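We did not get these values from a lab; they are worked out from the coordinates using the rules stated. Bear in mind the structure is a predicted one, so any value in this text is a computation, not a measurement. Neighbour counts run over all protein chains shown; Cβ positions are idealised from the backbone, glycine included.
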Amino acid sequence: MKYKIISLAAVVGMLLLAGFLAGSPSTGLARVHQHLTWEGPPESAGSVPEPEELSESAESVIEPEELVTHLPIVVIDTGGQRIPGNWIRDQSGVNLGVELSESGEETILSSVRVIDSGTASNRASDPAAFQTGARFRIRGNSSRNFSKKSYLLKLVDQEGKENPQPVMGMSAHDQWALYGPFLDKTLMRNYMWMNLSAEVMGYAPNVRYCEVILNGSYQGLYLMMETIAKGEGRVDLNTYDEGKPYTEYIVRVDKENHDLRDLNTFSNYTLRTVVGAEEQSVLSIVYPGKQKLNEEICAWIERDFSRFEKTLYSSDYTDPIRGYQRYIDVDSFVDYYVLQEFLCNNDMCSRSTYLYKDRLNKIHMGPVWDYNNMLDNYFTLQLDGSEFLYVERLWFDRLLSDPDFNQKVIRRYRQLRKTVLDEDYLMDYIDQTIAYLGDSIKRNYQVWGYSFDAGQLDVNERLTPLERNPKSFEEAVDDMKEFIRVRGRWLDRHMDALAQYCHESKAKVYDNR
């Protein structure tokens, strides 16, 4: 079997490296990598199912009462209600919106039990670490198309009020995302790169693997994720006092979303948020929430963010006093660019892109969100790991034309290739995660193993062309590993060439307009 538990020396080395990197610059808290906290791997660790075991139909059944796992178990009961959130489409396939519940609401009230004993023998019948009500719905954009759904959980008490809970060792909060990897056949992209992004940037949503039982049916391997929200242990902002003409805030670049208040900032009305042939992205307010917003504070956020953008695209943008540096946390933009370029994340600055302004009056890039499509796992875009992909993306087209910012990116990349982005470290991280997951991989693909036959998948559930779709878990992991190697080695050879984008001939398109 190709995947075995790696040697004790490798484990020790990885733990030392993780310990060196794990201090968060923003919070001082150590990042918890779930697979590194397991004191003794389960007996089945490193046991990866053979390809033929993963091609079974979705009719394979794992009885919840027979489930015994070292992972936490999440048991959800909707009481027979239809789960809202699926796409509604017309006959031509155009999205018209999302389904509501039978009572016309966006969410339904469900019960949630989390079993997390910290042992190798969690069972659904065990006493729960906690039990609560939750407002529940399907979540995501492209992932709403998948047979294996992802969900939003808003924990509530018996009176329907927010009920923050510390879930699986993560800081107490009432909002959580239950992500079900389906397009990502390795099951690892979001787990691995949320953790490693936090090592680089100081914070990214915390994540924990778990196994899910929904309405008495085993659903496979999931990832419980912190959502991007204001809160202790998340984005730590001061609470907005209603009536004040200013605030700290979180904004998001994505498709238009009627749940959020969209902004008409400088980048929007100058059409800089259009990426290729895709529809225009919009900048929306995530915090403060809609219930606290009024036109005055929305206009203030719009002006405040536009002030940064107008300065960035002005002729004196590099000036240390009047330039863009006075408005942003430069290092967060550097780190974000290095990660997205290394990972070939096509959503960069067009989808699932967050920024926040903190009490120091600086705009920060991040936290990162949604790594499902990166490392050559984007539906229609096949990559070979070469070229700089995002030098013309929003904000970074101008930032990279500044020699100082450009050189910071080059230096930061070189530094990270010796630590978090080191090739051997990344390969070991993948192998150790597989070893930790053990038989949960096999259980997941007893339910979803048919997805390795691309012919059984809808066009919105697979990569194109068809031959890109892995035919086994092992192939999916090998593909990801190889792309990481190819991408890193190409950047190693060419990173210094990034300096061409700050040459005078590249920058004058703005300065001489």
Determine, for H364, H494, H35, the number of other Cβ atoms within 10 Å of each Cβ, and report the residues in order from fewest to most. H494, H35, H364
Restricting to DSSP loop positions (anything but H, G, I, E, B) with no more than 14 other Cβ atoms inside 10 Å of their own Cβ, which chymotrypsin sites (Phe, Trp or Tyr not before Pro) remain in region 352-428? none
Relative contact order, percent, region 61-226 [alpha-carbon distance under 8 Å, six or more residues apart]: 23
Suppose only helical runs count, i.e. DSSP H with n ≥ 4. What mean residue ellipticity at 222 nm does that imply for the chain under -39500 (n - 2.57) per run, divided by all residues and rounded to the nearest 500 deg cm²/dmol? -8500 deg cm²/dmol
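Which order results if L178, L437 are arranged by neighbouring Cβ count within 10 Å, fewest first? Write out the running numbers ahead of the final one.
On the way: L178 23, L437 28.
If I rank by nearby Cβ atoms, fewest first, I get L178, L437.
With +1 assigned to the C-beta of every Lys and Arg and -1 to the C-beta of every Asp and Glu, and no other charges, what is the dipole magnitude of the chain about the Cα centre in debye, to the nearest 20? It would help to have the intermediate numbers written out before the result.
Working: 57 positive and 77 negative charges, 263 e Å.
That gives the chain a dipole magnitude of about 1260 debye.
Provide W448, W38 in ascending order of the number of other Cβ atoms located within 10 Å of each residue's Cβ, fewest first.
Working: W448 24, W38 18.
Taking fewest neighbouring Cβ atoms as first place, the list is W38, W448.
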Starting from the Cα coordinates of region 63-197, work out the convex hull volume and express it per residue in Å³. 153
Give the label of the value calculated from the structure for Rg/Rh (Cα atoms, Kirkwood Rh), choosing from (i) 1.08; (ii) 0.95; (iii) 1.00. (ii)
So for region 103-156, averaging the separation of alpha carbon pairs under 8 Å that are six or more residues apart and normalising by length, what relative contact order in percent results? 33
What are the ³J(HN,Hα) values, in whole Hz, obtained from phi via the Karplus relation 6.51 cos²θ - 1.76 cosθ + 1.60 with θ = phi - 60°, for each residue of region 288-293 in sequence order, with x given for Gly and Pro? x, x, 4, 5, 9, 7
For the Cα atoms of the chain, what angle does the longest principal axis make with the long axis of helix 423-437, in degrees from 0 to 90, nearest 10? 30
How large is ³J(HN,Hα), in whole Hz, for each residue of region 240-254 in order, when computed from phi with the Karplus curve 6.51 cos²θ - 1.76 cosθ + 1.60 and θ = phi - 60°, using x for Gly and Pro? 6, 8, 4, x, 6, x, 8, 6, 7, 8, 10, 10, 9, 9, 6
Quick one: angle between helix 473-494 and the longest Cα principal axis of the chain, in degrees between 0 and 90, rounded to 10, please. 20
Based solely on C-alpha atoms, express the radius of gyration and the Dmax of region 207-303 in angstrom. 17.5, 51
As a test, work out the antiparallel percent of DSSP beta bridges whose residues both lie in region 61-226, rounded to the nearest 5. 90
In the chain, what percentage of the DSSP-assigned beta bridges are antiparallel, given to the nearest 5? 90
